[in-house]
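The values are calculated or read from the model by the stated rules, or taken from the named source; none is laboratory data. Since we're looking at a predicted model, the values are computed, not measured. Cβ coordinates were reconstructed from backbone atoms using ideal geometry, including for glycine residues, and neighbour counts include every protein chain displayed. Protein only, heavy atoms only, side chains kept; ligands, DNA and RNA dropped before computing areas. Shrake-Rupley method; radii C 1.70, N 1.55, O 1.52, S 1.80 Å.
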Amino acid sequence: MKIKINFFKKIFIYSIGIVVMTLSICYILNFLFLDQFYIYRKKENMKKIVAEVKKIRNKPEELEDYLEELKQRESMVVVFLDKHGREIGTGMHKRMMRKALDMRMMELNGELQQRFFFVSAPSPSSGRILIYNDKLPDGTWISLRASLLSVDTYKYEMYLFSIITSIITLILTAYLGKVFSKKITSDIEKLNLAAYDIADLKFIDNIGIDRDDEIGELSRNIETMSKKLNISMESMKNFVSNASHELKTPIAIISTHAQGLLKKSVVKESERKDYYETILRTSYEMGELISNLLTISRINSLDYVLDEDDVDIEKLIKQSLEKYEFIELENDIQVIIKIKDKNLIVDRNILKLAIDNIVLNGLKYSPYEGKFEIIEIDGKFSFRNSLQNMMPIDIEKIWEPFARGQNAFESGVDGTGLGLSIVKRALELNNMDFGIEVDNESFEIWFKQKK
């Protein structure tokens, strides 16, 4: 059976475990290497001292002062030995550490052939002594003796103090770890509850976490995500509501006209022809609406991948004008094209979708014998059509699905109100800056690729 441990306990256990592991490593290193490290440092220092003694050996006064200072400062004694290992009196100090000199004399006489270190223990009460011997050119020896009593004496106290320090450290770590873990886990619990609320479509504006670290950043990102999801859900509801409303009207028209024909309540052939034409025209409009809805769904999907290529924009524009040439000819619209920079790296199909809708919009809303201009200046493509009796419009809302300006209703222009919504999304996908500019005489849509 797997034991479940909550996040708070895990952080608490990890923090205590790290401290225990750190202290354990310190104890092991001290126990195994403290003595050796201390002796190593002493050896390095003794080499430097012997070198200094060699320099001033022939200066008695300076040598005596240096040896006295060495004794007071480092607790070290320098002894000069003959080639047999016997002490040579210097007249500068009494014979010291006699036991240390006498000890291992047999081995010493045999070993004074080269420079070496060794540790001697004259008696249990005097402690260990580190001895360094160095041969001089005249066959005599310099023997430097350093007491290790200090490290031997304080080793127990150091271990005892380390244990006391460790206990205090563990207590403080346990307390601080509990407080710290509780703080982190309480904020994570808030994030968890916020995620549950969002999953239940209960969108939130403020989680209540004020931090400057990764958890605070995560909290702010979740708040932003919640707000955007809320806006998207509202937009989806409005979109579905508007789509249902827009589909309901043509379905009702087709249904009523079909019932009239089925019941043979329409007798005259001219009226029957009008009924057929109404059904056909309405079915076309409904097909266009459904096609636009599918297009919006496709280009708004998260997994949509652009297929970018070098595209001739002028060619796309001319194809769109040919596609809607019947509107141009029917209303005798003057089309003017002025394009220099023709090529852009874009998704051809998506940009063509935007241009088709822009051209259709410009031609539909141009008055009889009006003018439709397509001009490019420094990479900015402008589509401007002339207007008559322009009604005020909300430029922000006109990009929304099913939004139609007052002019569309006044002039009786057919449409679903989805064209500019498709244009907006298509230009966003192709990394374009875009906008609408309106004055009393013209309506302009422009786009320009971002740098």
Subset of segment 198-220, residues open to solvent by less than 90 Å² (accessible area, probe 1.4 Å), without any contact (Cβ under 8 Å) to a residue 24 or more places away in the chain and out of contact with any Asp or Glu (no Cβ under 8 Å at 6 or more places or on another chain), comes to A199, G208, D213
Being surrounded by 11 or more Cβ atoms within 10 Å (Cβ to Cβ) and modelled with pLDDT of 70 or more is the filter here; which residues of segment 224-245 pass it?
M225, S226, K227, K228, L229, N230, I231, S232, M233, E234
Take segment 151-183 and flag every residue that is polar (S, T, N, Q) and touching a helix residue (DSSP H, G or I) at 6+ places or on another chain (Cβ under 9 Å).
S162, T165, S166, T169, T173, S181
So the check is Cβ under 6 Å with 6+ separation or different chains; which pairs have a first residue in segment 271-289 that's in contact (Cβ under 8 Å) with a residue 60 or more places away in the chain and a second one that's open to solvent by less than 80 Å² (accessible area, probe 1.4 Å) and assigned to a helix (DSSP H, G or I)?
E285/P250; L289/E246
For segment 320-328, indicate whether the set of residues that are open to solvent by 40 Å² or more (accessible area, probe 1.4 Å), modelled with pLDDT of 85 or more and not in a helix (DSSP H, G or I) is non-empty.
no
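Here's a check for you: in segment 164-192, which residue that is hydrophobic (A, V, I, L, M, F, W, C) and surrounded by 12 or more Cβ atoms within 10 Å (Cβ to Cβ) is farthest from E234 (Cα to Cα)?
Per the stated criteria, the residue is L170.
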Exactly one of K2, K83 is open to solvent by 100 Å² or more (accessible area, probe 1.4 Å), assigned to a loop (DSSP other than H, G, I, E, B), more than 30 Å from V179 (Cβ to Cβ) and modelled with pLDDT under 80, and that residue is K83
Among helices (runs of 4 or more DSSP H) entirely inside segment 340-451, those with 1 or more residues being of a type in the set (D, E, K, R), crowded, with 17+ Cβ neighbours inside 10 Å and at pLDDT 80 or above are 348-364, 419-429
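Does I39 qualify as being touching a strand residue (DSSP E or B) at 6+ places or on another chain (Cβ under 8 Å) and modelled with pLDDT of 80 or more?
The answer is yes for I39.
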Surrounded by 15 or more Cβ atoms within 10 Å (Cβ to Cβ) and without any contact (Cβ under 8 Å) to a residue 60 or more places away in the chain: does that describe I56?
yes
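Considering every residue within segment 61-76, establish whether at least one is open to solvent by less than 70 Å² (accessible area, probe 1.4 Å) and outside any helix (DSSP H, G or I). Write out each step before concluding.
We begin by selecting, within segment 61-76, every residue open to solvent by less than 70 Å² (accessible area, probe 1.4 Å); these are 63, 66-67, 70, 74, 76.
Keeping just the survivors that are outside any helix (DSSP H, G or I) gives 76.
Yes: segment 61-76 contains one or more residues that are open to solvent by less than 70 Å² (accessible area, probe 1.4 Å) and outside any helix (DSSP H, G or I).
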